[in-house]
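K.L.:
A single structure is presented below for examination.
The values are calculated or read from the model by the stated rules, or taken from the named source; none is laboratory data. If you're wondering where the values come from, they're calculated on a predicted model, not measured in any experiment. Every residue, glycine as well, gets a Cβ built from its backbone with ideal geometry; the counts of neighbours run over all protein chains shown. The protein model used for the area step is the full one, side chains on, heavy atoms only, and it has no ligands, DNA or RNA in it. Shrake-Rupley method; radii C 1.70, N 1.55, O 1.52, S 1.80 Å.
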Amino acid sequence: MPLDPELAGLIAIVNAGTPMSQQTPEQARAAFRTLAVDFRKPESIVPVRSVEATTVPGADGDLAARVYRPEGSGPFPTVALFHGGGFVIGDLDTHDNMARAICRDAGAVVVSVDYRLAPEHPFPAGLDDCIAATRALLGRLDSLGGDGRLAVAGDSAGGNLSAVVAQEVAGIAAQFLVYPTTDGGGEYASRIENGTGYFLELPTMVWFSENYAPGGDYLDPRLSPLRGSLAALPPAVIVTAEFDPLRDEGEAYAAALAEAGVSVVCRRYDGMIHGFMDMGSFSSAAQAAVDDAVGLFAKLLAE
């Protein structure tokens, strides 16, 4: 299937600027906020019953967080959301609409966690924050969703963090992994096929890795969850995009989970690129993919 033409226009805008791999982390964070927050149309913001600022314990102090509550009286499952951005960029604001979409359309209380970013806080700081926050949330489910279940969710780097958290923390009910990076040390055809011209490019991926885990051992399952122990993990929905360099490793993780006996639904969205979860205001096809993906997660939570 060809690239969605509405996303092609967005890519042209992004490519007109300085490549992220040539920016400082501060510049890259500002540019990403411009795209994800400043360009967002007010009418595209997903309505939820309430949004509350809070904190959750991290590995080295409290972390900023937001609690999103859906309409209705519940009880609801709770979802810990870890944002994407290559472990270097992204924050609560850039992933506000993803949190809202999961909250409304999956009928869940979503707790979005603002973990520490590299290079100021390299691996494993951000991961340790996500693990600590998840363990803390497991003790607060009665005051959050109320139905006793905690799922994890995240896109890209957040998908990586969610997958590792699901391996490290007992008691997780489900996983929603959106175009996750799962195997930093592997070789995949999609990295070559889609490594240039489709929003996330190989030099940017290298830049993220060098900032997050300089000299890191990508056989370490805390960096590459595909290398971890997969037996008895919680059921998962894994989402990939046709024109994403991370496509093949996301699908490889789904296959490995299934081989290990884990219930998994893997859905590839043709015509889509990395990052489409927050591109619904630019592309009707992207919005349809978002709706379908969150719907799959809603079905998993309803089981």
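K.L.:
Which whole-number value in Å² is the accessible area per residue of the chain, probe 1.4 Å?
P.N.:
On the way: 11710 Å² over 303 residues.
Dividing the accessible area of the chain by its residue count gives 39 Å².
K.L.:
If you don't mind, another one. For region 95-175, calculate the relative contact order in percent as a whole number, restricting contacts to Cα pairs under 8 Å that are 6 or more residues apart.
P.N.:
Computed over region 95-175, the figure is 22 percent.
K.L.:
Can you list the DSSP H helices in the chain whose Cα atoms extend at least 24 Å along the helix axis and whose mean Kyte-Doolittle hydropathy is -0.5 or higher?
P.N.:
284-302
K.L.:
Which trypsin sites (Lys or Arg not before Pro) does region 22-125 hold that lie in a coil by DSSP with at most 14 other beta carbons within 10 Å?
P.N.:
Taking region 22-125 and a limit of 14 other Cβ atoms within 10 Å, the loop trypsin sites (Lys or Arg not before Pro) found are 49.
K.L.:
With +1 on each Lys and Arg Cβ and -1 on each Asp and Glu Cβ, and nothing else charged, work out how big the dipole of region 34-159 is about its Cα centre, in Debye to the nearest 20.
P.N.:
The calculated dipole for region 34-159 is roughly 340 debye.
K.L.:
Name the residue farthest towards the positive end of the dipole of the chain from the options 42, 205, 123, assuming +1 on Cβ of Lys and Arg, -1 on Cβ of Asp and Glu, about the Cα centre.
P.N.:
My answer, from the dipole projection, is 42.
K.L.:
Given R₀ = 30 Å, FRET efficiency for residue 219-residue 263 by Cβ-Cβ distance, to 0.05?
P.N.:
That gives a FRET efficiency of 0.65.
K.L.:
Only Cα pairs within less than 10 Å get springs; with that Gaussian network setup on the chain, which residue of 27, 175, 287 has the largest fluctuation?
P.N.:
In this elastic network of the chain, the residue with the biggest mean-square fluctuation among 27, 175, 287 is 27.
K.L.:
Would you mind telling me which residue in 187, 210, 242 has the biggest mean-square fluctuation in a Gaussian network model of the chain, where springs connect alpha carbons within a distance under 10 angstrom?
P.N.:
The residue that fluctuates most here is 187.
K.L.:
May I ask for the net charge around residue 295, where only other residues with Cβ less than 11 Å from the Cβ of residue 295 are counted and Lys, Arg are +1 while Asp, Glu are -1?
P.N.:
Local charge sum for residue 295: -1.
K.L.:
If you take every DSSP beta bridge fully contained in the chain, what fraction is antiparallel? Give it as a percent rounded to 5.
P.N.:
30
K.L.:
Return the single residue from 44, 209, 283 with maximal mean-square fluctuation; model: Gaussian network over the chain, springs between Cα atoms under 10 Å.
P.N.:
44
K.L.:
With a 1.4 Å probe and all protein chains left in place, how much of the accessible area of the chain comes from carbon and sulfur atoms, in whole percent?
P.N.:
53
K.L.:
Taking the Cα centre of region 109-221 as origin, sum charge times position over the Cβ atoms of Lys and Arg (+1) and Asp and Glu (-1), and report the length of that vector in debye to the nearest 20.
P.N.:
It works out to roughly 340 debye.
K.L.:
Between residue 27 and residue 1, what's the calculated FRET efficiency when r is the beta-carbon distance and R0 is 30 Å? Round to 0.05.
P.N.:
0.30
K.L.:
For the chain, what does the helix formula give at 222 nm: sum of -39500 (n - 2.57) over DSSP H segments with n ≥ 4, over the residue count, nearest 500 deg cm²/dmol?
P.N.:
When only DSSP H runs of four or more count, the value is -10500 deg cm²/dmol.
K.L.:
For a test of the definition: using alpha carbon positions, the gyration tensor, and the 1.5 limit on a/c, classify region 77-116 as rounded, prolate or oblate.
P.N.:
Prolate shape, in that a/c is at least 1.5 and a/b is the bigger ratio.
K.L.:
Another question about this same structure. Tally Lys/Arg at +1 and Asp/Glu at -1 over every other residue whose Cβ is under 9 Å from the Cβ of residue 180; what's the total? Working shown, then result.
P.N.:
Details: positive: none; negative: 155, 249.
Once all neighbours under 9 Å are counted, the net charge is -2.
K.L.:
For every other residue with a beta carbon closer than 13 angstrom to the beta carbon of residue 108, add +1 if it is Lys or Arg and -1 if Asp or Glu, then tell me the sum.
P.N.:
That works out to +3.
K.L.:
D for region 153-261, whole µm²/s, Stokes-Einstein with Kirkwood Rh over alpha-carbon pairs at 20 °C and 1.002 mPa s: what number?
P.N.:
155
K.L.:
What do you reckon, how do 55, 204 stack up by accessible area (1.4 Å probe), largest on top?
P.N.:
55, 204
K.L.:
Let me ask something else about it. Between residue 38 and residue 71, what is the label-point separation in nm under the 7 Å Cα-to-beta-carbon projection?
P.N.:
Once both label points are built, they end up 3.4 nm from each other.
K.L.:
Could you work out how far the C-alpha centroid of region 63-102 sits from that of region 23-60, in angstrom?
P.N.:
Cα centroid to Cα centroid, the span is 10 Å.
K.L.:
Ok, one more. At 0.36 nm per residue, and after removing the present C-alpha to C-alpha distance, how many nm does the segment from residue 45 to residue 210 gain when stretched out fully?
P.N.:
Separation in residues times 0.36 nm, less the Cα-Cα distance, equals 56.0 nm.
K.L.:
Tell me the label only: which of (i) 39, 24, 20; (ii) 26, 22, 20; (iii) 29, 22, 19 is semi-axes √(5λ) of the Cα gyration tensor in Å as calculated from this structure?
P.N.:
Correct label is (ii).
K.L.:
Another question, then. Keeping every protein chain in place, order 138, 257, 296 by accessible area at 1.4 Å, biggest value first, i.e. largest first. If you can, show how the numbers build up before the last one.
P.N.:
Values: 138 55, 257 0, 296 20 Å².
Per-residue accessible area, sorted high to low, gives 138, 296, 257.
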